[in-house]
Amino acid sequence: PILYFDDGSKQKFDIIILCTGYEVNFPFINEKYRTELTKNYKFILNNEYPSLAYIGFVRPVLGSIPAIAEIQSVYVGKLFSKKISLENSLARIKTIKEDNKFWKNYFKNTSGRIDTLVNMYIYSEGIAKLSGVSPNYKKLLFKSPLKWWKAITCPYNTSRYLINDEKYHDLIFKNIREYEPHYYNANFIFTYILYFIFYIVRPIYKFVRSFLIGRDNSIIQIDSYEKKYQLMTFLKKLSNVLFI
C-alpha cells in the first residue's frame, strides 16, 4: 500500500500494523478464577477469590502504570499480611458497582474504550487510604513547616506514601531535592506565590462550588450522580469528625 502524508509526500510500504490496543486475557488461570477487571474490587481483587490480585491493569490518563502498580502492591501486601482488613463480600460488590459508575461518569465525555481508565491521583489516593498510608500533611505542617511546604509543592511521586514514617524522611526529601531548581529566578518565585494562593483559595472555591451546585442560575453544572457522590463524601467526612 501507498501512504500519503500531510506534507504532500508519499511512500510505499509492504506491511501496515495498526496498534489499536489489546484484549486482556489470562488463559493460564483456571477458568473459574477468571473475571473481568471491572468486576474486581478496586480493579485489583477477584471478589469471589480475594487472594487473587491483578496488579498493573489500571490505566491512568496522565501518569504511569508502574506508579499505580506500586501503590496497588502496597495495598495487597498489607492486606495479605493482615495489617489491614477487607470489606465483606456484599460490601465489596456495592463498592465495585459504585466505582464503575463513578469512573464511567468521570470519563463520560472522553474515552469509554478502556474500562479501567482512571485519574491517577484520585485512584491512588483512594488506595492509599485503604492501605493506611495516605500522607498526613497536617501533622507534617506542625512538625516541620519547611518539609510540609516541600512535600506539597513537589511533583507527584510515590514516596509521598512513606511520608508518615519519619525514618524515610531523609530518603524522601533527598528525592524531592532532585526536582528543585538549581537557581531561584523571578518565574520560580512567582509560581510558588501562585501555588500558595491557590492552596489557600481552594477550600473556599470548593465550598462555594458545592453551594452553587444544582441552582438553575449556576454556571456550575454537575449531573445528579456527582451531586449524590459529593453529598455521600461530605456526610462520611462529617461522621468521621463527629464520631471518631
Legend entry - Segments 44-57, 75-88 sorted - mean Cβ within 10 Å per residue, highest first: 44-57, 75-88
Legend entry - Proximal lysines relative to Lys206, as straight alpha-carbon distance under 16 Å, when same-chain residues fewer than 8 apart are discounted: Lys227, Lys228, Lys237
Inset, instruction - Using a 10 Å cut-off on Cβ atoms, rank the peptides 128-134, 34-40, 68-74 from the highest mean neighbour count down. - result: 68-74, 128-134, 34-40
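Between Thr233 and Ile15, what is 0.36 nm times their sequence separation minus the Cα-Cα distance? Round to one decimal in nm. Working shown, then result.
Values: separation 218, 0.36 × 218 = 78.48 nm, distance 5.24 nm.
Taking 0.36 nm per residue and subtracting the Cα distance, the gain is 73.2 nm.
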Legend entry - Of Lys97/Lys139; Lys143/Lys236; Lys104/Lys129; Lys78/Lys143; Lys94/Lys139; Lys94/Lys147, pairs whose Cα-Cα distance is over 31 Å: Lys97/Lys139; Lys94/Lys139; Lys94/Lys147
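Relative to the Cα centre, what is the charge dipole magnitude of segment 24-154, using +1 at the beta carbon of each Lys and Arg, -1 at the beta carbon of each Asp and Glu, and rounding to the nearest 20 debye? Don't skip to the answer; put the middle values down first.
Details: 21 positive and 9 negative charges, 98 e Å.
For this selection, approximately 480 debye.
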Inset, instruction - Taking the dipole about the Cα centre of segment 95-174, with the C-beta of Lys and Arg at +1 and of Asp and Glu at -1, give me whichever of Asn157, Pro145, Tyr121 is farthest to the positive side. - result: Pro145
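Ordering Glu180, Glu23 by how much accessible area each has at a 1.4 Å probe, largest first, what is the list? Can you show the working numbers first?
Working: Glu180 45, Glu23 170 Å².
Accessible-area ranking of Glu180, Glu23, largest first: Glu23, Glu180.
The values are calculated or read from the model by the stated rules, or taken from the named source; none is laboratory data. Quantities reported herein were computed from a predicted structural model and do not represent experimental measurements. A quick note on method: Cβ atoms are made from the backbone with ideal geometry, for glycine too, and the neighbour counts reach across all protein chains shown. With ligands, DNA and RNA removed, areas are computed over all heavy atoms of the protein, side chains included. Shrake-Rupley method; radii C 1.70, N 1.55, O 1.52, S 1.80 Å.
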